[in-house]
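So the structure is just underneath, and the comments pick up after that.
Read the figures in this text as sums done on the coordinates, not as results from a lab. Keep in mind the model is a prediction, meaning the values are calculated, not measured. No Cβ is skipped: glycine too gets one built from the backbone with ideal geometry, and neighbour counts run over all protein chains shown.
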Amino acid sequence: MILIDAVYINKTGGKMLLDLLIEELEKHNLKLFYLLDYRIVNNHPKISDRHKIKYLKGSLINRFVFYNKNGLKFKKILCFGNFPPPIKLKGVVYTYFQNVLLSQKKFISIKWYLKRLVFNMYAKNSDFWIVQTNSVKDLLQNYLKTEKLIFIFPFFKKFNPELLKNRNKIDPLNGINFLYISTGEYYKNHKNLINAFIKYNKIYKSSSLTLTVSENYKELCTMIQNCVNNGINIYNKGLIDKQLLSFEYKRADVFIFPSSFESFGLGLVEAVEFGLPVLASDLPYVFDVISPSSTFNPLDKNSIFKTMKDHDKYSKTSSKITINNKLNEMINSIFIH
């Protein structure tokens, strides 16, 4: 029997990948046991009755109890949420690593310090690691100082082709709508982007910036609201579903991505699918997945501003996807052969 441990996955990009993984696994004749977050009951793709499912609250104790009781039942284990099992198992363990914050040695917060501590303790219990890009492979290898094999299996769900459309030629005189699809963590770098756009919007008054920051990020939401109160054309849509997301991509003129680090950067791929010029951080994770129209130093708001202002450069340069979807290859390599 094969265990799919996704007990820590319940929202945003991780949930999208989990849904896609389940959809593909269900097409194969495998004997599976799904360990899922209790918050996604009735909120995932249909799972065949031939498989077992257990919903669990993802605490350290609950997960330890589960593995202590059931660990010997599984021939292969895929931990789809960064953390290997809390105990060493006889079965072969693959851990899908997505959260690059866990490999950052600098102090971020008490919460993240404790998560890294647990991650470091459990790391030895994984036989193999799976990442989505070369830069994350290098990051993880340097952090763990491990000789264990690290596979690169990126995957993502494409939009329905019917939703995609050809872009019109950018006309800065009519106002460019910049779009940044992202949550509000500090490394997503919204503050530098917003400060750059304030300067830009004062010159190009009909331009706009659309964001998707949820209300959970109160300090950032306050900054956005202060901009709105001062006449800056920023529109925050909050957390939105795939259908509304496609609408925002279709109405945008330019996609901008100032994040300081990522495990993948799904928004980059999605933006290119919609034919948008992409302005992005001049960092390895960007070039792992796309060839952007233009780049900037994400730590320098003036660099972001200058790149936004250089319409004549990025409006004539297409962005291209440079990565392939390897979900089927991952399933065949790990679970079938």
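Once each part is reduced to its C-alpha centroid, what is the distance from segment 85-161 to segment 8-40 in angstrom? Value for the Cα centre distance between the two parts: 18 Å. Remark: spin-label model distance Asp300-Ser214 equals 3.5 nm, labels positioned 7 Å along the Cα→Cβ axis.
Placing R0 at 30 angstrom, the Cβ-Cβ distance between Ile108 and Asn68 gives a FRET efficiency of 0.45 after rounding to 0.05. Axis of helix 242-251 versus longest Cα principal axis of the chain: the two differ by about 20°, to the nearest ten degrees. Relative to the dominant Cα principal axis of the chain, helix 134-144 is inclined by about 50°. Pairs over the 18 Å Cα-Cα cut-off, from the set Lys31/Lys76; Lys205/Lys237; Lys75/Lys115; Lys199/Lys306; Lys191/Lys306: Lys205/Lys237; Lys75/Lys115.
Within segment 48-65, what residues put their amide N at less than 11 Å from the label point 7 Å along the Cα-to-Cβ vector of Ile87? Taking a point 7 Å out along Cα→Cβ of Ile87, the residues of segment 48-65 whose backbone N falls under 11 Å are 64-65.
For a straight C-alpha distance cut-off of 21 angstrom, the lysines reachable from Lys111 (same-chain residues fewer than eight places away being disregarded) are Lys11, Lys57, Lys188, Lys218. Taking every C-alpha pair closer than 8 Å and separated by at least 6 residues, the mean separation divided by the residue count of the chain gives a relative contact order of 14 percent.
Between the Cα long axis of helix 12-25 and the first principal axis of the chain there is an angle of about 50°, rounded to the nearest 10.
Computed about its Cα centre, the charge dipole of the chain is approximately 840 debye, with only Lys, Arg, Asp and Glu carrying charge at their Cβ.
Under 10 Å, Cα contacts only: if you run a Gaussian network model on the chain, which one of Val131, Val65, Val213 comes out with the highest mean-square fluctuation? Result for the chain, Cα springs under 10 Å: Val65 fluctuates most. Fully extending the segment from Asp241 to Lys191 would add 15.6 nm, taking 0.36 nm per residue of separation and subtracting the current Cα-Cα distance. The tail of the calculated P(r) for the chain, taken as Cα-Cα distances beyond 27 Å, holds 48 percent of the pairs.
Label-to-label distance, Lys316 versus Gln225, with points set 7 angstrom from Cα along the beta-carbon direction: 4.4 nm.
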